[in-house]
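> Structure below; questions to follow.
Laboratory data are not the source of any read-out in this text; all were calculated from the coordinates shown. Predicted, not measured: the structure shown is a model, and the values here were computed from it. Here Cβ is always computed from backbone atoms with ideal geometry, including for glycine, and neighbour counts include all displayed protein chains.
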């Protein structure tokens with residue numbers, strides 16, 4: 001007699017997965033390969049997801065970390081995270097064909113920091129040291145013009161030369177809650193500090209965190225599909241834990257799932273970071289179906305309709 005499968009309700013957070021900036025960046029690489037032929041080089045992972053990267057490699061993309069790894073006669077795409085100004089300047093000096101796939105919402109932060117610097121303000125950037133987006137934003141201005149703050153403790157301790165000429169900007173993929181707390185410290189310490197009318201955290205990061213908050217308390221366990229170097233994915237794990245589901249973790253794809261970790265969970269939350277394709281969500285749900293009697297309940301907190309245009313050079 002075949003043992004019956006245990007029931008498992010999957011609470012599927014929505015929105016989840018690809019955002020407009022990621023979708024645009026992947027299309028840019030694909031269009032560049034169509035236009036210029038194989039190979040097209042990409043400086044840094046176009047988005048932080050191995051499945052996406054390997055899929056593009058199969059189509060003819062070669063991923064490198066620095067521009068000096070790219071031959072002069074082949075096109076190069078800059079990743080969605082943005083690059084320091086020195087990178088396109090060097091590509092221009094070498095007369096290279098290059099396409100910038102920086103997310104428009106990251107480019108907006110770049111323009112903000114430049115505007116503040118032009119007005120004589122020192123910029124405090126809230127973000128994670130070493131993340132490509134942070135490196136790119138700091139690299140829009142001369143050394144020392146941008147000061148990095150990673151947490152509340154650093155916000156309490158940071159020393160600035162002129163508190164009356166100060167502004168802040170943020171990485172687009174941070175925890176909404178953490179950022180609000182850090183900004184509150186900066187505003188208390190430096191009442192004259194200027195910031196964006198709306199926080200720089202992008203709509204997709206905000207929406208995905210809100211969707212996780214909506215399901216976390218109802219879940220016995222929660223899985224975020226994403227990469228360990230994906231800031232927005234890691235923040236989703238933290239948000240789940242902070243909002244009622246301590247039993248939460250990151251999984252890159254179904255094959256990496258530790259089924260023993262799931263234990264006796266009856267309600268499993270599933271979401272995906274902004275750089276993870278929905279295909280990986282479907283893959284995990286099917287893996288669950290093979291082991292459990294699955295019921296899927298999608299919990300949608302908002303609709304997304306944002307679309308970003310492709311660069312003109314790839315559209316004509």
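> Taking Cα pairs under 8 Å and at least six residues apart, what relative contact order does segment 104-189 come out at, in percent?
Numbers: 100 pairs, mean separation 31.9, N = 86.
Relative contact order of segment 104-189: 37 percent.
> Helix 176-189 versus the longest principal axis of the chain: what angle, 0 to 90°, nearest 10, using Cα atoms?
Compared with the principal axis, the helix lies near 40 degrees.
> Over segment 20-103, what is the mean sequence separation of C-alpha contacts under 8 Å (at least six apart), divided by residue count, expressed as relative contact order in percent?
On the way: 141 pairs, mean separation 28.7, N = 84.
Once divided by the residue count of segment 20-103, the mean separation gives 34 percent.
> Follow-up. Note the angle between two axes, namely the Cα long axis of helix 20-36 and the longest principal axis of the Cα atoms of the chain, as a number of degrees from 0 to 90, rounded to the nearest 10.
Approximately 70 degrees, to the nearest ten.
> What label, among (i) 74, 54, 30; (ii) 66, 40, 35; (iii) 66, 52, 40, belongs to Cα extents along the principal axes in Å computed from the structure on display?
Of the labelled values, this structure produces (i).
> Give the angle, between 0 and 90 degrees and rounded to the nearest 10, that separates the Cα long axis of helix 203-216 from the longest principal axis of the Cα atoms of the chain.
30
> If you project the alpha carbons of segment 207-316 onto the principal axes, what extent comes out on each, in Å, largest first?
Reported extents, whole Å, longest axis first: 55, 28, 27.
> Express in nm, to one decimal, how much length is gained between residue 165 and residue 34 on full extension, taking 0.36 nm for each residue of separation and deducting their alpha carbon distance. Intermediate values should be presented prior to the final figure.
Details: separation 131, 0.36 × 131 = 47.16 nm, distance 4.77 nm.
Residue separation times 0.36 nm, minus the Cα-Cα distance, leaves 42.4 nm.
> OK, next. Put a dot 7 Å past each Cα toward the Cβ at residue 95 and residue 307; how far apart are the dots in nm?
3.8
> Residue separation times 0.36 nm, minus the C-alpha to C-alpha distance between residue 157 and residue 69: what's the value?
The residue 157-residue 69 span can extend by a further 27.7 nm.
> First measure r as the distance between the Cβ atoms of residue 282 and residue 246, then evaluate 1/(1 + (r/R0)^6) with R0 = 25 Å and state the FRET efficiency to the nearest 0.05.
Details: r = 27 Å, r/R0 = 1.07.
The calculated FRET efficiency here is 0.40.
> Now a separate question. At 25 °C and a viscosity of 0.890 mPa s, what translational diffusion coefficient does Stokes-Einstein give for segment 104-189, taking Rh as the Kirkwood radius over Cα pairs? Give it in µm²/s as a whole number.
191
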